[in-house]
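**Q** Okay, handing you the structure first.
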Amino acid sequence: MRSGTGIGTVRRRLHHSDVGCIRSENYETSGLDGLDEPLLGKRDYDDKHSEGRVMEEIWDDERKKEQLHWTLLFSNLIAQWAQWIANLVFGSGSFIVRHIPLLSNTKNRSNPKLIVPTLSPLQEERLRNLQRRLGVPFDGSRVDHQDALKLLWRLAYPDRELPPLKSELWKDMGWQGPDPSTDFRGGGFISLENLIFFAKKYPESFQRLLHKQDGNRADWEYPFAVAGINISFMLTQMLDLQSGKPSSLAGIRFLKLLGEDEMAFDDLYCVAFQMMDAQWLVKRASYMEFNDVLKSTRTQLERELSLEDVSTVKDLPAYNLLRR
């Protein structure tokens, strides 16, 4: 059973062992496939708009839901059209028509080897900086990492008092337990930076996703913060950023975006998070389908990155889903 935004939504939190995707394994064999048991715990989601909504607000929600649906549908159609053209030009054996995703750590012997373009000095420098960020683990004993976590809370809940670093209140944001520092693991410090970037640059989208304000929500929703860590990890795998130089199609296309914008990874993260939630709503998913939603998000993102006219993150069709 699903409930609209006007009804209190039950959100359940993840086992610590559930988010096994944060491992140094291939995406297809990662612990994402192990997210297969019900969430534990239950609390009522207090939506400040749950009571006394007037008819105009209800119609406004329906219009936003319809707009979200058509935007995602249009994005899918563009990507499918591009793949059809590629099929005509290159033939059925081309890597472009192999139903992306192209797994970052899996080589398809039937596809020709991708030629990695020569990087400009600027691209090389930005790639090194990004890979340096990816190599920083979250350390709960570091003051700057603690400060970053506190900043995230202030951005998420500007009208609420900052809780201690270990508090049951952190579960409200979608952490698995009272100590968020135990949830990062392979996601690293960059996953916290991604959440902060999202909250600062696209505050309206961030808040709507945090509070599950769009569409008809499931009884068992995905936990916001933990989902964000999974998205950071998924992008790292998809873009092949753990190798010296990306060699997957998505990774090569990303290098072009990185040449145009040093913060391309963070912007792409915001697009991916918004796209994941849109997929969640279209599929009418519940927590048990989180794996499938994340995988379909990856597939759709790879499709959009393969479009020839995409030179910046803002050129991605799904970028239009974001709201500042």
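The values are calculated or read from the model by the stated rules, or taken from the named source; none is laboratory data. No experiment lies behind these values; they were computed from the predicted model shown. Here the Cβ positions follow ideal geometry from the backbone for every residue, glycine too, while neighbour counts run over all protein chains shown. Surface areas here come from the heavy atoms of the whole protein model, side chains and all, with no ligands, DNA or RNA. Shrake-Rupley method; radii C 1.70, N 1.55, O 1.52, S 1.80 Å.
**Q** At a 1.4 Å probe, what is the % contribution of carbon and sulfur to the accessible area of the range 272-324?
**A** Working: 780 of 1840 Å².
About 42 percent, which is the carbon plus sulfur part of the accessible surface.
**Q** Compute the whole-percent fraction of alpha carbon pairs in the range 198-257 spaced more than 12 Å apart.
**A** Here the long-distance tail beyond 12 Å is 74 percent of all Cα pairs in the range 198-257.
**Q** Highest first, please rank the peptides 279-285, 192-198 by the mean number of other Cβ atoms sitting within 10 Å of their residues.
**A** In descending order of packing, they fall as 192-198, 279-285.
**Q** Could you report the accessible area of VAL116 in Å², rounded to 10, computed with a 1.4 Å probe on the protein chains as they sit in the structure?
**A** 50 Å²
**Q** If packing is taken as the average number of other Cβ atoms within 10 Å across a peptide's residues, how do 214-224, 267-277, 149-159 rank, most packed first? Provide the component values of the computation, followed by the final result.
**A** Values: 214-224: 20.9, 267-277: 24.7, 149-159: 15.5.
Going from most to least packed, we get 267-277, 214-224, 149-159.
**Q** With 5 Å bins from zero, work out the P(r) of the range 239-302 over every alpha carbon pair and list the percent per bin.
**A** The percentages, shortest bin first, are 4, 17, 23, 21, 15, 11, 7, 2.
**Q** Once label points are set 7 Å from the Cα along Cα→Cβ at both GLU161 and VAL282, what is their separation, rounded to one decimal in nm?
**A** 4.4 nm
**Q** Jot down the per residue volume, in cubic angstrom and as a whole number, of the convex hull over the alpha-carbon atoms of the range 128-188.
**A** That works out to 90 Å³ per residue.
**Q** Another question, if that's okay. Please turn the phi angles of the range 233-239 into ³J(HN,Hα) values with the Karplus equation 6.51 cos²θ - 1.76 cosθ + 1.60 (θ = phi - 60°), one per residue in order, whole Hz, x for glycine and proline.
**A** With coefficients 6.51, -1.76 and 1.60, one gets 5, 4, 5, 4, 5, 4, 8 Hz.
**Q** Could you pull the accessible area for SER120 with a 1.4 Å probe, rounded to 10 Å²?
**A** The value for SER120 is about 40 Å².
**Q** How big is D for the range 184-223, in µm² s⁻¹ as a whole number, if Stokes-Einstein is applied with the Kirkwood radius of its Cα pairs at 20 °C and 1.002 mPa s?
**A** 186 µm²/s
**Q** Pairs LYS150/LYS314; LYS212/LYS256; LYS150/LYS171; LYS245/LYS314; LYS200/LYS314: which are spaced more than 22 Å apart, C-alpha to C-alpha?
**A** From the list (LYS150/LYS314; LYS212/LYS256; LYS150/LYS171; LYS245/LYS314; LYS200/LYS314), the Cα-Cα distance tops 22 Å for LYS150/LYS314; LYS212/LYS256; LYS245/LYS314.
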